[in-house]
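What follows is a single structure, written as structure tokens, with notes after it.
The values are calculated or read from the model by the stated rules, or taken from the named source; none is laboratory data. Keep in mind the model is a prediction, meaning the values are calculated, not measured. Glycine also receives a Cβ, built like all others from the backbone with ideal geometry; neighbour counts cover every protein chain displayed.
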Amino acid sequence: MKEKLFSWLENSSEIAVELETELTKRPAVSPESDGEGELDKCVFLEKWLHTHGITKLNRYDASDSRAKGGIRPNLIATINGTLNESDGCLWIMSHLDVVPPGEEKLWDNDPWTVVKKDGKPGARIIGRGVEDNQQGIVSSVLAALAFTEQGLKPLRTIKLLFAADEEVGSAYGIDWLVKNHPDLFKKNDMVLIPDGGDPDGEYIEVSEKTIIWAKFTVHGEQTHGSMPDLGNNAFLAGSDLAVKLHFGLSHKFNERDKMFDPDYSTFEPTKKEANVPNINTIPGEDVFYMDMRVLPRYSSDSVLAEIDKIKAEIEEKYRVTIDYTLPQLMQSKPTDENAPIVKNIEKAITEVYGVNPRPVGIGGGTMAAYLRNIGIDCVVWTKTQKTLHQPNEYALLDNIIGDAKVMALLALNSDK
């Protein structure tokens, strides 16, 4: 059966390019980034799958008045296996949404029109979203089609999830599904999320750093630039706060873990909002943001307690008040390195790509966190050129086909 599956996949390049091209034509940018959401892309994919014989399709739409149609769609395609679903399914979860192109002058071509170029290390498909996360979408679809086109059955039932809203927090995607449709997922499911990896296909992500995004608002007292004693400089206090948080938190939470790269927790000031419009006014309010990625050994509560301590010191020093909100806080349990999904995908990767894969941790956040936290083992893996979010983003055609082979092997052999 493996030979039939691989033979079909090795001749599926035209389908891969067609699907990448059509998906890219339909921008799926979130409302937070001034987009309309994923509806057009999801509707196209649903019809395309049905036309190509994958007919067991279910939509789960989260309400979002900002998006086209007032919804954020999540699509699930099911390919029945020889085992019952109660024995556990193989989920392959990709996301529909993409980030905006950024500065279009940095692109060689229209970001929403796929260009195929031949060269080394192989044919590449260029366009926004082709790697993040359409490589995962297309590979999973090809793996499913390799079974259905030849009338073959996988061992485990395959569930392909095409989720909304991954790029800005998953509130309308996997997080919403876990909270509103928990019956979809079972403890004995195996989950592959093809949304992170390395150019050799060696890294199997089994753990994620805790993500803490914070927005700090400093309240001082506005005054003339020549009379600072009559006010309290919110910008000065905010700047000192940002520096002390960066160095203070880095010093407090300073352990290292070689599973991660970088192998330490990071506490970075990032976004800065404008304050006063003129040079000769001392601002009475200042707003900045921090992106913090914390090793799993530290609890988020311990980090927040240290933030509160540093915040209180700055408030007293500058006679200001400071409040903060958390646009995102996600602490994830790790997947056991010896879990069946890890061991099965290690074998499949070695067979397809001839490398020796190993479990790693990452600083970025993925859909896996939401499932790990309810006790479901997940791995995040793909063979990627890591061009996501860049101008002239591209995916290698060989990677799309190779990843589909790995997925097909998983569907054949994930029996424990």
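Please determine, by comparing only the residues of segment 308-353 that are polar (S, T, N, Q) and touching a residue at least 40 places away in the same chain (Cβ under 8 Å), which one is farthest from SER239 (Cα to Cα).
Restricting attention to segment 308-353, the residues satisfying the condition of being polar (S, T, N, Q) are 321, 325, 328, 331-332, 335, 338, 344, 350.
Still in the list and also touching a residue at least 40 places away in the same chain (Cβ under 8 Å): 321, 325, 328, 331-332, 335, 344.
Working: THR321: 14, THR325: 18, GLN328: 22, GLN331: 27, SER332: 31, THR335: 38, ASN344: 49 Å.
Top of the filtered list is ASN344.
The set of residues in segment 309-333 that are among the hydroxyl-bearing types (Ser, Thr, Tyr) and assigned to a strand (DSSP E or B) comprises THR321, TYR324, THR325.
Here are some residues: LEU388, LEU371. Which one is in the same structural domain as MET190 (by TED's automatic domain parsing), buried (at least 18 other Cβ atoms within 10 Å of the Cβ), hydrophobic (A, V, I, L, M, F, W, C) and in a helix (DSSP H, G or I)? Can you show your working first?
On the way: LEU388 fails: in a helix (DSSP H, G or I).
Sole residue among the options that is in the same structural domain as MET190 (by TED's automatic domain parsing), buried (at least 18 other Cβ atoms within 10 Å of the Cβ), hydrophobic (A, V, I, L, M, F, W, C) and in a helix (DSSP H, G or I): LEU371.
Inspect segment 393-401 for any residue being closer than 30 Å to TYR264 by Cβ, assigned by TED's automatic domain parsing to the domain that holds ILE174, assigned to a loop (DSSP other than H, G, I, E, B) and touching a residue at least 40 places away in the same chain (Cβ under 8 Å) and give the result as yes or no. Yes, because at least one residue in segment 393-401 is closer than 30 Å to TYR264 by Cβ, assigned by TED's automatic domain parsing to the domain that holds ILE174, assigned to a loop (DSSP other than H, G, I, E, B) and touching a residue at least 40 places away in the same chain (Cβ under 8 Å). Against the test of being under 30 Å from ILE349 (Cβ atoms) and hydrophobic (A, V, I, L, M, F, W, C), the options PHE267, PHE260 yield a single qualifying residue, PHE260. Applying the criterion of being touching a strand residue (DSSP E or B) at 6+ places or on another chain (Cβ under 6 Å) and among the hydrophobic types (A, V, I, L, M, F, W, C) to the residues of segment 46-64, the residue that is farthest from GLN150 (Cα to Cα) is ALA62.
For every residue, the table says whether it meets (1) modelled with pLDDT under 95; (2) closer than 23 Å to LYS159 by Cα; (3) assigned to a loop (DSSP other than H, G, I, E, B).
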| position | (1), (2), (3) |
| --- | --- |
| ALA77 | no, yes, no |
| PRO111 | no, no, yes |
| LYS120 | yes, no, yes |
| ARG128 | no, no, yes |
| GLN135 | no, yes, no |
| ALA144 | no, yes, no |
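All of VAL99, VAL114 fail the test of being buried (at least 23 other Cβ atoms within 10 Å of the Cβ), within 26 Å of PRO73 (Cα to Cα) and in contact (Cβ under 8 Å) with a residue 40 or more places away in the chain, apart from VAL114. Filter segment 257-308 down to residues that are in a loop (DSSP other than H, G, I, E, B) and among the hydroxyl-bearing types (Ser, Thr, Tyr) and give me whichever is surrounded by the fewest Cβ atoms within 10 Å (Cβ to Cβ). The extreme case among them is SER299.
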